[in-house]
Amino acid sequence: MTVLHHHLDGATLLRYASGDLDEAFSVVVATHLAMCSECRRAARAGEEVGGRFLEVGDKAELSAGSFDRLMQRIDDDGAGQFADSAEARHGADGSSDVPAPLRRFVGPSLKDIPWTRVAPGVRKHAINISSATSSSLYMLNIAPGRAAPEHGHGGAEIAVVLSGAYRDELGRFGPGDVADLDEHIEHQPKVEQGAACICIVATEAPTRFKGFFSRLLQPIVGI
Amino acid sequence: MRSAAHLKQPANEFELSVRRCQHAALLGRIAKVGDRSAFEELFVFFGPRLKGMMMKGGADVHAAEDLTQEVMLTIWRKAALYAPAKGSVSTWVFTIARNLRIDRLRKQSPYAYEDIEALKLESAEIDGENAVMGNQTAEHVAQALKQLPATQRKIVELAFIHDMPQSRIAEKLELPLGTVKSRMRLAYGKLRLNLEELQ
């Protein structure tokens, strides 16, 4: 397994564990988790906190006959028990270059993604998710050598590299690495020569685009 | 609820840890033979706590009862997927509850919420990654939480028990969002450090 150098922020891990991240952000976080056993362990520690609170938390009395109604439902369902094997279906195909949490959104193969050209050297694939969230989720395919102007991160943005790599002041971001950056960090990323860099990105409601990836889109969105 | 009447509210950590071992055994019986009395014992323990958790998170009595039923149904169906190496039964139940709650909120989404644990991940290293028994971890988490400074603990509680988004925690505590974020980060760092020391 590739050694990853850039991991999730502690606050992000706790938010993931408590269920506070919206759909766009949890998909990107899950993508990194699928590629990073260290962060998976870390996320589990966060979930243990939830388990602990559940154990010692306040109880609320259930309505009368609650258990019997549940068993009735189980009986009505027929067999009902045991995990459906559909569960294991994702990830069964080891040849896929799309991490398991992303596969149901974009299919099993990066080469089949229907990119749309949005700026010179930048192609995008938007993923439609819940209308309940104002965040957006999309993939970017950025040409080799493409650079972004130096910038800080005003709005939340999180990205995982799926293929290719880019470099900035923080180092090299290759496949599996996550850019989960504090808003105060200033950097100037540049995609490495030789291969395009494909990323999955979640961006918060854009009043102003400030992150690297959203900046690449700025010319087209016209903000 | 006859068979589980002897299970009282735990008085101390020792009882809780005994309870955790029992829970894992009960889940095993459900998975292997569909043991209904084992399921009832789990229901008696987790049912009221799940309903309490849902109500604290803002669900009304009916929605909370409804969600509790869904969580328990999922426990029955997926008992075979529980692996002790992944953590305590309480943690597993918590993640089921969390995922169902997220799913409710995301009804508009064309995609059901999918937990990372439900995905079969490719690497063999992943399956053997966690040698620590879940029970032990659960005890350590309890200790690690106690060691958090009150201001950080509060934020963790609001996030987990009251299911509050970061922005609402900031409003409630009248703190800038950045402060909530950095306290959360500090809290997480300390939890992790304490957990690593304890293990």
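Taken one residue at a time, the phi angles of region A:167-181 give Karplus couplings (6.51, -1.76, 1.60, θ = phi - 60°) of 10, 8, 4, 8, x, 9, 10, x, x, x, 5, 10, 9, 10, 9 Hz. Gly and Pro are set to x. In order along region A:31-42, the phi-based Karplus estimate (6.51 cos²θ - 1.76 cosθ + 1.60, θ = phi - 60°) of 3J(HN,Hα) comes to 4, 5, 4, 5, 9, 9, 5, 5, 6, 5, 4, 5 Hz; Gly and Pro are listed as x. Taking label points 7 Å from Cα along the Cα-to-Cβ direction, B:ASP35 and B:GLN143 give a separation of 3.0 nm.
For A:THR116 and A:HIS5, compute 0.36 nm times the residue count separating them, minus their Cα-Cα distance, and round to one decimal in nm.
Details: separation 111, 0.36 × 111 = 39.96 nm, distance 3.01 nm.
Going from the current span to full extension adds 37.0 nm.
Mean per-residue shielding of peptide B:84-97 is 5, counting Cβ atoms of other chains within 10 Å of each Cβ.
Working note: Karplus 6.51/-1.76/1.60 with θ = phi - 60° gives region B:172-181 the couplings 4, 8, 6, 10, x, 4, x, 5, 4, 4 Hz, where Gly and Pro are set to x. Between B:ALA150 and B:ALA83, the simple label model (points 7 Å from Cα in the Cβ direction) yields a spacing of 4.2 nm.
Bear in mind that the values in this text are calculations on the coordinates, not laboratory data. Everything numeric here is computed off the predicted structure, so don't read it as measured data. Cβ coordinates were reconstructed from backbone atoms using ideal geometry, including for glycine residues, and neighbour counts include every protein chain displayed.
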